[in-house]
1. Only one of (1) polar (S, T, N, Q); (2) in a helix (DSSP H, G or I); (3) farther than 19 Å from E197 by Cβ; (4) open to solvent by 40 Å² or more (accessible area, probe 1.4 Å) fails for T129. Which number is that?
2. From the list T258, T204, pick out the single residue that is touching a Cys at 6+ places or on another chain (Cβ under 6 Å), assigned to a helix (DSSP H, G or I), of a type in the set (V, I, T) and surrounded by 15 or more Cβ atoms within 10 Å (Cβ to Cβ).
3. Six or more apart or on different chains, Cβ under 7 Å: which pairs go from a residue in the range 1-29 that's farther than 20 Å from L40 by Cβ to one that's in a helix (DSSP H, G or I) and open to solvent by 50 Å² or more (accessible area, probe 1.4 Å)? Could you list them?
4. Quick check on my filter: what residues within the range 41-73 are β-branched (V, I, T) and either closer than 15 Å to K13 by Cβ or out of contact with any helix residue (DSSP H, G or I) (no Cβ under 7 Å at 6 or more places or on another chain) (or both)?
5. Given the criteria out of contact with any Pro (no Cβ under 9 Å at 6 or more places or on another chain) and part of a strand (DSSP E or B), does L249 qualify?
6. Being surrounded by 13 or more Cβ atoms within 10 Å (Cβ to Cβ) and over 17 Å from the mean Cα position of the chain (by Cα) is the filter here, so list the residues in the range 244-255 that pass it.
7. How many residues are in contact with a helix residue (DSSP H, G or I) (Cβ under 8 Å, 6 or more places away or on another chain), open to solvent by 10 Å² or more (accessible area, probe 1.4 Å) and either in a helix (DSSP H, G or I) or hydrophobic (A, V, I, L, M, F, W, C) (or both) when one looks only at the range 142-166?
8. Quick one: C136 ticks every box in (1) open to solvent by 10 Å² or more (accessible area, probe 1.4 Å); (2) assigned to a loop (DSSP other than H, G, I, E, B) bar one, so which box is it?
Amino acid sequence: MAFDYDKYIRPGKLPHIWCPGCGHGIVMKGLIRAIDALSLEKNNTAIVSGIGCASRLPGYMDCCTLHTAHGRAAAFATGVKMARPEMNVILVGGDGDGTAIGGNHFIHACRRNIDMTYIIMNNNIYGMTGGQFSPCTPTGAKASTTPYGNPDPAFDVAKLAIGAGATFVARGTAYHATQIDKLIVEAIQHKGFSVVEILDDCPTTYGRRNKYRSVIEMMNRLKEVAVPVKAAEKMTPEQLEGKILTGVLHKIEKPEYTAEYAKVIERAQAAK
């Protein structure tokens, strides 16, 4: 029996605006399967985004949703979680929205360890806003603002999240579609700030400028560079050169922010 995605899609919102071959739809289906697997109530689940191609996702989802200002998803989501700590709060967005204009909010959400899950769809570029290079655009790659090649080094989103204090960090790819929902399920179940980076493809603003001949070629690139964490343990540094680890990369337990904040309120009330 086929999975019924329609029950999680807001009526009248399809077809979506994503370009043919874009991986964002694959990620959205993975998120839907994760929500279904956990039996999360729609009215108790908030999906929050900023601006960009990936950030259009909440508009299609039949849950509580917030489509906010550029780079401000983590700030708005923090407000939702602080006001309603019992809610399941899920952030979605792209690499530009999350690590450039929203980078400051991102690292402080990691630092606080507030119980939310952030799905970052990393397609190495600003898509909707004009094809500019992002902090995740590979060195030497072309974008509308780097027509002769990007001189900047790129962020490693997973390492950035770990360094900033996130207590659960995982990475998947749009090619490995069946792994996405499993990673999201584990991220949502984790008590703390969880980051799931999904390596994605943008055939329109990234692929064309960087001479990818087809979506298939871009998907095969994701297949070729991805190495599961367990497989990487048996590989030499030479074999891992140019590869990207996938799976659960980091998981630790630390006090969760809303619970700690509730204790502050109790102390303040007791001091009256």
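The values are calculated or read from the model by the stated rules, or taken from the named source; none is laboratory data. Model, not experiment: these values are computed from the prediction. Methodologically, a virtual Cβ is constructed for each residue, glycine included, from the backbone with ideal geometry; neighbour enumeration extends over all protein chains shown. Only protein heavy atoms, including side chains, enter the accessible area calculation; ligands, DNA and RNA are left aside. Shrake-Rupley method; radii C 1.70, N 1.55, O 1.52, S 1.80 Å.
1. (2)
2. Going through T258, T204 in turn, just one is touching a Cys at 6+ places or on another chain (Cβ under 6 Å), assigned to a helix (DSSP H, G or I), of a type in the set (V, I, T) and surrounded by 15 or more Cβ atoms within 10 Å (Cβ to Cβ): T204.
3. Every condition considered, the pairs that remain are I17/R56.
4. The answer is I47, T65.
5. Answer is yes for this residue.
6. I252, K254
7. Qualifying residue count, the range 142-166: 3.
8. (1)
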